Amino acid sequence: MTSGIQAPRLAILQFPASNCDQDCVHAVRSMGARARMVWHKETSLGDVDAVIVPGGFSYGDALRCGAIARFSPVMQAVSRFAESGGLVLGICNGFQILCEAGLLPGALIRNRDLRFHCEQVFLKTANFDTPFTSGIARDGAPLRIPIAHGEGCYFADAPTLGRLEAGRQILWQYCDAGGALTEAANPNGSVHHIAGIANERFNVAGLMPHPDRAVEGLLGSEDGRAILSGMIASLESRREAAA
């Protein structure tokens, strides 16, 4: 980072029954960023450079995952932030919330086998030219990152899928260790093996796997650092350009 430029500031949202907010704070702070948690009743994000909507079971997943969280005061602030071009990343339940809030297209529904999956999966990066993927090595090696969800099956209608493909908005897909998109490697039945997407402007993204749980070797993988560090590096570049 250029001398005199302060580290990026990230807001980590916190809803009743969030369970990965502290994980996200720890992960981004370990990469040199500043982080603070923002409670769901807040109407302002404060002075921040990016937002992470973490995993968990916001509002107990009542009605359906993310359905109540989308109406929380803080999500109105997130929508305004995204509209102004701010970076927003939703992880697991955060991805579900962003879809419910209309910040990302499509929906997350029950896993194909109707079972909760908590396991390591492999991800193929489909677009390296975004703030969320620019830190991932382009050598073709898939990322190894854990999932923990019962409603992680991404679904969208044919026109929406067509737009996602045409706009290169599909960022990550479930694959095997060799990078092949196989049915056996798709843990939840997502269409087109989709694990994560972005909006048309590439400033909002969501994924079901947990990069925040893959930042230390002790946890079995450090591949999640590539996603989060790339996001932080893009924020640093914005700050340097502004300075």
Of the residues in the stretch 17-28, those that are assigned to a loop (DSSP other than H, G, I, E, B) and crowded, with 19+ Cβ neighbours inside 10 Å number 1
Those residues of the stretch 19-28 which are among the charged types (D, E, K, R) and free of Cβ contacts under 8 Å to residues at least 40 places away in the same chain amount to Asp21
Among residues of the stretch 29-75 being free of Cβ contacts under 8 Å to residues at least 12 places away in the same chain and in a loop (DSSP other than H, G, I, E, B), the residue surrounded by the most Cβ atoms within 10 Å (Cβ to Cβ) is Ile68
When (1) out of contact with any Gly (no Cβ under 9 Å at 6 or more places or on another chain); (2) under 26 Å from Ile194 (Cα atoms); (3) in contact (Cβ under 8 Å) with a residue 24 or more places away in the chain; (4) not small (Gly, Ala, Ser) are applied to Glu83, the one that fails is (3)
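For the condition without any contact (Cβ under 8 Å) to a residue 40 or more places away in the chain, surrounded by fewer than 20 Cβ atoms within 10 Å (Cβ to Cβ) and closer than 21 Å to His26 by Cα, what is the one hit in Gly217, Gly140, Gly178, Gly167?
Just a single option satisfies the conditions, and that option is Gly217.
Could you list all residues from the stretch 114-151 that are of a type in the set (Val, Ile, Thr), within 20 Å of Arg168 (Cα to Cα) and touching a Ser or Thr at 6+ places or on another chain (Cβ under 7 Å)?
Within the stretch 114-151, Thr125, Thr133, Ile136 qualify.
Does Asn199 meet the test of being among the polar types (S, T, N, Q), in contact with a Gly (Cβ under 7 Å, 6 or more places away or on another chain) and modelled with pLDDT of 95 or more?
Criteria not met by Asn199.
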Flagged in the stretch 116-143 as among the aromatic types (Phe, Trp, Tyr), assigned to a loop (DSSP other than H, G, I, E, B) and under 16 Å from the mean Cα position of the chain (by Cα), in numbering order, are Phe128, Phe132
Is it the case that Ile91 is in contact with an Asp or Glu (Cβ under 9 Å, 6 or more places away or on another chain) and either crowded, with 24+ Cβ neighbours inside 10 Å or under 22 Å from Glu222 (Cα atoms) (or both)?
-> yes
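Of all the residues that make up the stretch 129-158, how many are more than 15 Å from Ile197 (Cβ to Cβ) and of a type outside the set (S, T, N, Q)?
Quick first cut of the stretch 129-158, residues more than 15 Å from Ile197 (Cβ to Cβ) only: 134-151, 158.
In the following step, the residues that additionally are of a type outside the set (S, T, N, Q) were identified as 135-151, 158.
Selection size over the stretch 129-158: 18.
The values are calculated or read from the model by the stated rules, or taken from the named source; none is laboratory data. These figures come from a predicted structure and were not determined experimentally. Cβ: placed from backbone, ideal geometry, glycine included. Neighbour counts: every protein chain shown.
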